[in-house]
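*Asks:* Okay, here's the structure, questions in a sec.
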Amino acid sequence: MRIIISPAKKMKVDTDSFNHHQLPQFIDESECLKAYLKRLGRTELKSLWQCSDVITELNHERLQAMDLYSQLTPAIISYEGIQYQNMAAGVLETDEYAYLEKHLRILSGFYGILRPFDGVVPYRLEMKAKLIGDDFDSLYEFWNRKLADQLFLESHCIVNLASKEYSQCVIKYLNPDIRFVTCVFGEMIGGKVIEKGTLVKMARGEMVKFMAENKIEAVEELKTFTRSGYVFAEHLSDHRTFVFLRDAKKPSS
């Protein structure tokens with residue numbers, strides 16, 4: 001089994017808490033993307049990154065000094081988004097980190113696929129970014145089927161806790177030998193399952209933490225997840241989609 005999640009925009013450098021174990025598997029491709037980004041001017045980068053002048057300047061400075069081989073932070077503690085906060089990635093037990101190193105994969109527009117203890121540096125490059133003036137028009141085209149093929153080599157069962165922006169890098173290349181299970185976290189409103197962005201990110205983080213704490217090895221065991229008020233909805237689920245519902249009237253914990 002492999003679990004896929006999205007990265008987060010906000011990143012930090014922390015070379016003290018943990019040592020990284022290895023470099024990312026697609027470091028050569030990351031070097032190509034770094035070279036491409038360094039050819040762009042500030043105006044082009046701002047358009048590519050879809051961000052403010054302040055964030056553009058910060059990431060432009062990072063890009064000019066970027067060294068993919070030194071001052072590296074393990075990926076699992078480098079990202080600071082809501083999902084990672086709810087995974088409590090900085091305070092897990094040793095055996096839980098070992099479980100995640102084996103099972104968890106972070107999809108990234110810049111690094112491709114990251115194992116939790118791959119060493120990374122802060123970057124800004126979302127998978128949906130439109131590229132300018134090169135041999136490829138998008139990161140989907142750049143990565144092609146490399147990410148899916150790597151995952152399928154590792155396991156024939158994928159638990160999808162990633163956003164659509166990232167999961168489509170894998171879904172596009174699915175074959176009948178692969179079981180791909182997407183977890184949906186929502187509320188029943190007006191007879192429809194409604195997903196709310198922040199709550200979904202929180203639940204995805206909770207699910208990763210739940211899997212690590214319980215050393216989940218069989219996908220059917222996910223149905224026992226009951227954190228943050230969510231309960232597995234058998235009648236709304238199928239072989240490829242596990243739906244978890246929470247009471248819309250109750251506040252999130």
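Rule-based calculations on the coordinates, nothing more; no lab input. Owing to the predicted nature of the structure, the values given are computational and were not obtained by experimental measurement. Note: ideal-geometry Cβ built from the backbone for every residue, glycine included; neighbour counts use all protein chains shown.
*Asks:* In a shell of Cβ-Cβ distance under 15 Å around Y97, excluding Y97 itself, what net charge do Lys and Arg (+1) and Asp and Glu (-1) give? Kindly include the intermediate steps, with their values, before the conclusion.
*Replies:* Values: positive: K102, R105, R115, K209, K215; negative: D14, E93, D95, E96, E101, D118, E213.
Here the charged neighbours net out to -2.
*Asks:* Let me ask something additional. Among bridges DSSP assigns within the stretch 92-222, what percent are antiparallel (round to 5)? Each step should come with its number before you reach the end.
*Replies:* Numbers: 7 of 11 bridges.
Approximately 65 percent, going by the DSSP bridge assignments.
*Asks:* Here are a few candidate values for percent of Cα pairs over 28 Å apart: [x] 27; [y] 34; [z] 30. Which one was actually calculated from the structure I just gave you?
*Replies:* Here percent of Cα pairs over 28 Å apart agrees with entry [y].
*Asks:* Each label point is 7 Å from the Cα along the Cα-to-Cβ direction; what then is the distance between the points at C157 and L236, in nm?
*Replies:* 2.4
*Asks:* Which of the peptides 114-120, 166-172, 94-100 is most tightly packed, and how do the rest follow, going by the mean number of other Cβ atoms within 10 Å of each residue?
*Replies:* On the way: 114-120: 23.6, 166-172: 19.1, 94-100: 16.4.
With the highest mean Cβ count within 10 Å placed first, the list reads 114-120, 166-172, 94-100.
*Asks:* For q = 0.16, 0.21, 0.24 Å⁻¹, what log10 I(q)/I(0) does the stretch 164-238 give under the Debye formula with an equal point scatterer on each alpha carbon and no solvent?
*Replies:* Each listed q corresponds, in turn, to -0.71, -1.17, -1.35.
*Asks:* Taking a cut-off of 11 Å, what percent of all Cα-Cα pairs in the stretch 210-251 are separated by more than that? If you can, show how the numbers build up before the last one.
*Replies:* Numbers: 583 of 861 pairs.
Pairs farther apart than 11 Å: 68 percent.
*Asks:* Considering amide H positions built from the backbone, and no H for Pro or chain starts, which residues 5 or more places from R179, or on another chain, come under 5 Å of its amide H?
*Replies:* Distant-sequence amide H within range of R179: C157, I158.
*Asks:* Also, quick follow-up: Give me the orientation-averaged projected area of the Cα convex hull of the stretch 1-120, in nm², one decimal. Don't jump to the answer; show the numbers that get you there.
*Replies:* Working: hull surface 30.3 nm².
With the hull built on Cα positions only, its mean projection is 7.6 nm².
*Asks:* A further question follows. Compare the Cα positions of I158, I189, G205 along the charge dipole of the stretch 147-251 (+1 at Cβ of Lys, Arg; -1 at Cβ of Asp, Glu; about the Cα centre) and return the one farthest towards the positive end.
*Replies:* Projecting each Cα onto the dipole axis, the largest value belongs to I189.
*Asks:* Under 5 Å between amide H atoms, partner at least 5 residues away or on a different chain: which partners does I3 have, H built in plane at 1.01 Å?
*Replies:* L104, R105, V159
*Asks:* Under unit Cβ charges (Lys, Arg +1; Asp, Glu -1), what dipole magnitude, rounded to 20 debye, does the chain have relative to its Cα centre? Don't skip to the end; give the middle numbers.
*Replies:* Numbers: 33 positive and 35 negative charges, 154 e Å.
In total the dipole reaches around 740 debye.
*Asks:* Helix-only estimate, please: 222 nm mean residue ellipticity of the chain, summing -39500 (n - 2.57) across DSSP H runs of length 4 or more and dividing by its residues, to the nearest 500. Numbers along the way, then the final one.
*Replies:* Details: 10 runs with 92 residues, N = 253.
Value at 222 nm, helices only, nearest 500: -10500 deg cm²/dmol.
*Asks:* For K10, K146, what's the fewest-to-most ordering of other Cβ within 10 Å of each Cβ?
*Replies:* Details: K10 13, K146 16.
The fewest-first ordering by Cβ neighbours comes to K10, K146.
*Asks:* Something else about it: Could you rank the peptides 104-112, 175-183, 225-233 by their average count of other C-beta atoms within 10 Å per residue, with the highest value first? Provide the component values of the computation, followed by the final result.
*Replies:* Numbers: 104-112: 24.4, 175-183: 14.7, 225-233: 16.8.
Final packing ranking: 104-112, 225-233, 175-183.
*Asks:* Write down the percent of antiparallel bridges among all DSSP beta bridges whose residues are both part of the chain, to the nearest 5. Could the numbers behind the result be given before it?
*Replies:* Values: 12 of 29 bridges.
If we restrict to bridges inside the chain, about 40 percent are antiparallel.
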